[in-house]
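The values are calculated or read from the model by the stated rules, or taken from the named source; none is laboratory data. Since this is a predicted model, take the numbers as computed values, not measurements. Here the Cβ positions follow ideal geometry from the backbone for every residue, glycine too, while neighbour counts run over all protein chains shown. Accessible surface areas use protein heavy atoms only, side chains included; no ligands, DNA or RNA. Shrake-Rupley method; radii C 1.70, N 1.55, O 1.52, S 1.80 Å.
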Amino acid sequence: MRYWKTCYITCFIFVLIPLTLYGQEDIEQLQKLDKLMFSGRYFESKELYKKISETTTIPSDLELYYKFRMAQFLNKTDSVAYYLEQFIPHHYETFGEETLVFYSNLFDAYIELGDTDKALDTYLQMKRIWNESFTKTTTGGKEYEEWRTATENFLSYAEYAVTLPPIKMKRNDTLSFVDIEEGDRLVFQAKYNGILQRTIFDTGIGPYCVLSRKLADGMGVRYDSIDENKVTINENLISVRSIIDSIEVGNITFYNIPAFIYLDTASVPFVSGSSIKRRKKRKKAQTVVDSVRTLFTDCVSLGLPVMKLIGKIQTDYEHNKMCFPVSVANAHLPKAPNIYAYKYDLYMRIKLNGVAFTANLDTGSNEYVTVDSAFYEKHQKELPIASTCKKNTFGVVMLHQARAITYKTLKDPAIIFDDKLMQPPGPEAVKTYPLGQIVPGIFFDGVIGNGFYRRIGKKVLLDLDNMRLEAVQ
């Protein structure tokens, strides 16, 4: 399920290359690499870097920038901080206030690492740079106003974040198993301040934790005044920030976990129709929507940041068990990463009918594979539509609304993941529709949901320490 952090700084493409030292073809390749890294294309960046480095000396600035971006992609937060500490001081004089985007990445890294002192120091440097640049700026314009608003929003968030107690995690030596419910998602029981509550792991959620006000009140979770601490998400969803003192999941206990408590679950009605047939379809669709919304509002959602702290999540679908091992004997760890992080989400690449397909990995979605219409239009020859498929409507549930959309299904899709041919569960497993019109976000070519995740193998390992998703049995 999609849930987007609203406090971020819009970035620009920085020209890090001394152009006079290289030929035109080299310049174009280096600039392409810069843009690929900035836009979140991990696999393409890695492949192009290898190609360039075989014939060209990579400029030191771009080399450092590449290491920083790779560390971000591969969840190496300590390395992110290390490379940024080297990179930022040498570029402030050149880029001025635009280095704030790198400072924001450094701030997030220190918050994730639990280093409040360095996070505070980074925030104060950002504040100083912004105050100096703001007093010097005399021209406005739409782009500048957007930049100003985004920067001030981030600084407001940072000012709040440095006041919070550091996030901590304790792992017991005894490995315990967690029962998961049968169904399309990773639903299990966890304890919040000692109170048991149904919970879902959702890689499509950017914050550490999201829950309804009803659940928060029932568990005695404290939260600040709504007027002082409200956040608007997805246009009209109002939430407040809070801190959950402890969360127990299996043999792991988290302390001081930030949470968003949402206050509104309003929905957009389905398209109306007068025929009995359409009413039946709408009733069936509404039942699906209601069941998904009930699942979401009755569950606490733990997002990608919590999953990254855990490191390894192994799910045994044959016995409906889940555990969090430090190491896995049967995992092929020497293999190259096949998933990566970008901004606040996970991405992976498969081959769809022989075409490279990079998609958002969303365990909060019960879909198998969804192809964005833009990708389909580009590769129509390789992605034939099933001849028996008709345009139908079904509800796509987001955090606060449901919409009716039309979709097409692909005919006999051949999917290769991790050198393995995947078997779609049915003729409508791979759909295509315009994702951008349904929910905001960065999808690249589409979305891979929990329907795909749970069919990788009998035992599935999500290894966020080594950025691998694979079957271990």
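Just one of the listed residues (GLN86, GLN31) is open to solvent by 60 Å² or more (accessible area, probe 1.4 Å), under 28 Å from ALA336 (Cβ atoms) and either modelled with pLDDT of 90 or more or not in a helix (DSSP H, G or I) (or both), and it is GLN86.
One line per residue, one yes/no per condition, for (1) hydrophobic (A, V, I, L, M, F, W, C); (2) open to solvent by 10 Å² or more (accessible area, probe 1.4 Å); (3) modelled with pLDDT of 85 or more:
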position	(1), (2), (3)
PRO207	no, yes, yes
LYS214	no, yes, yes
ILE244	yes, no, yes
SER275	no, yes, no
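Residues GLU367, GLU382: which one is open to solvent by 10 Å² or more (accessible area, probe 1.4 Å) and modelled with pLDDT of 95 or more? Checking each option against the conditions leaves just GLU382. Would you say ARG213 is in contact (Cβ under 8 Å) with a residue 24 or more places away in the chain, farther than 19 Å from ASN450 by Cα and in contact with a Leu (Cβ under 6 Å, 6 or more places away or on another chain)? Taking the combined requirement at face value, the residue satisfies it.
Set side by side, the residues THR94, THR55, THR99 differ, and just one is at pLDDT 85 or above and of a type in the set (S, T, N, Q), which is THR55. Among the residues making up the range 401-455, a single one is at pLDDT below 90, more than 14 Å from VAL371 (Cβ to Cβ) and of a type in the set (Lys, Arg): ARG403. Taking every residue in the range 46-63 that is within 14 Å of LYS35 (Cβ to Cβ) and pairing it with any residue that is polar (S, T, N, Q) and surrounded by 12 or more Cβ atoms within 10 Å (Cβ to Cβ), at least 6 positions away or on another chain, the pairs with Cβ-Cβ distances below 8 Å are LEU48/GLN29; ILE52/GLN29. Residue under question is ARG128, and the condition is that it be over 26 Å from LEU361 (Cβ atoms), part of a helix (DSSP H, G or I), at pLDDT below 85 and among the basic types (Lys, Arg); does it hold? So ARG128 does not fit the description; no. If you scan the range 312-363, which residues turn out to be within 21 Å of MET70 (Cα to Cα), at pLDDT below 95 and among the small types (Gly, Ala, Ser)? Result: ALA336, single match.
Which count do you get for residues in the range 150-194 that are assigned to a loop (DSSP other than H, G, I, E, B), open to solvent by 10 Å² or more (accessible area, probe 1.4 Å) and either charged (D, E, K, R) or farther than 11 Å from ASN251 by Cα (or both)?
Matching residues across the range 150-194 total 14.
Restricting the search to the range 75-99, which residues are in contact (Cβ under 8 Å) with a residue 60 or more places away in the chain and closer than 23 Å to PRO166 by Cα? If the condition is that a residue be in contact (Cβ under 8 Å) with a residue 60 or more places away in the chain and closer than 23 Å to PRO166 by Cα, then ASN75 is the only one that fits. Across the range 417-446, the number of residues qualifying as open to solvent by 70 Å² or more (accessible area, probe 1.4 Å) and either assigned to a strand (DSSP E or B) or touching a Gly at 6+ places or on another chain (Cβ under 8 Å) (or both) comes to 3.
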